[in-house]
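Have a look at the structure below, then the notes.
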């Protein structure tokens, strides 16, 4: 082989080698270190392999779960909405299928909002319907504040709007959250995941023994995320007032009073937001499962208008 022919072959080979090296490097970075359930996808966002369940086609809807939950919480909603929409149920950073131990400093509303914004861009979703439940509502509001151009509508299922509340109430909330987090962290330190889950749920008034087995497992899988501080983002009235897309608020008939107060405070910031639709027999963070027929109809009726 002549020197000239060898040079030509190397010119073809080396770019291919570099491309392969880049691909393998990206794959190694994106590969989760924990098992991924069958049918679940992952996408690397901000250095983290975020898991999500994708169903259906059409205009995209992104679903953001509450504390202790993950993409599995939406299994009573997805069959209905995925008939007409591309539905993406996310497991946020450090939630199942990762079983996090609570160690790290990258578990914040801002981090999760950055992850969701990056995911929307990376999957080329364009404008999305964004649904957030409880803490997921705080994240949805933060995404909408930072990237309003990517929001088609905002659906908030009793969003945690604690940043809008009076300082004294905020301090009380944070103190209670810190106490719960410390107890969870102590139990996890001794290997007591079930004890940590049991006591955490009791702090919210839930009787562990009466919870469905499925819900118990979801809480156990995500109990490490309950070591978080209770912060719910950095937004205020000024950010809410800038929202120029349709907003649907949903509340639960049996929810704690504070969540209704948060919704009322949000509407004081922006009075043209319609009053919340109340789900009969529904409680905070679970109303979409406790009364799925009502919740799904409300959701779909709203989507049809926008």
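Taken together, the values in this text are just the output of simple stated rules run on the coordinates, not laboratory data. Keep in mind that what you see is a predicted model, and the values were worked out from it rather than measured. All Cβ positions, even for glycine, are placed from backbone atoms using ideal geometry, and neighbour counts span all protein chains on display.
Taking the 0 to 90 degree range and rounding to the nearest ten, how far is the long axis of helix 292-305 tilted relative to the main principal axis of the chain, both from C-alpha atoms?
Orientation of helix 292-305: about 70 degrees from the principal axis.
Compute the acute angle (0 to 90°) between the alpha-carbon long axis of helix 109-122 and the principal axis of greatest extent of the alpha-carbon atoms of the chain; round to the nearest 10°.
Rounded to the nearest ten degrees, it is 50.
So what is log10(I(q)/I(0)) for the chain at q = 0.06, 0.07 1/Å, when the Debye sum runs over its Cα atoms only?
-0.22, -0.30
What do you get for the angle between helix 193-203 and the principal long axis of the chain? Use alpha-carbon atoms, 0 to 90 degrees, nearest ten.
Once rounded, one gets 40 degrees.
I'd like to compare 293-302, 47-56, 199-208: which one has the highest average count of other Cβ atoms within 10 Å, and what's the full order after that?
On the way: 293-302: 16.4, 47-56: 19.2, 199-208: 14.6.
My ranking of the peptides, most packed first, is 47-56, 293-302, 199-208.
Per residue of the chain, what 222 nm ellipticity follows from adding -39500 (n - 2.57) for every DSSP H run with n ≥ 4, rounded to the nearest 500? Intermediate values should be presented prior to the final figure.
Values: 11 runs with 138 residues, N = 306.
Dividing the helical sum by the residues of the chain leaves -14000 deg cm²/dmol.
Rounded to whole Å, give me the distance from the Cα center of the range 76-153 to that of the range 178-192.
27
Give me 194, 239, 158 ranked fewest to most by other Cβ atoms within 10 Å of their Cβ, as a rough exposure proxy.
Going from sparsest to densest Cβ surroundings: 194, 239, 158.
Along the Cα-to-C-beta direction of residue 41, a point sits 7 Å from the Cα; which residues of the range 123-162 have their amide N less than 18 Å from that point?
Label zone hits: 123-131.
Estimate the FRET efficiency between residue 57 and residue 103 by the formula 1/(1 + (r/R0)^6), using the beta-carbon distance for r and 45 Å for R0, to the nearest 0.05.
In this case the efficiency is close to 0.70.
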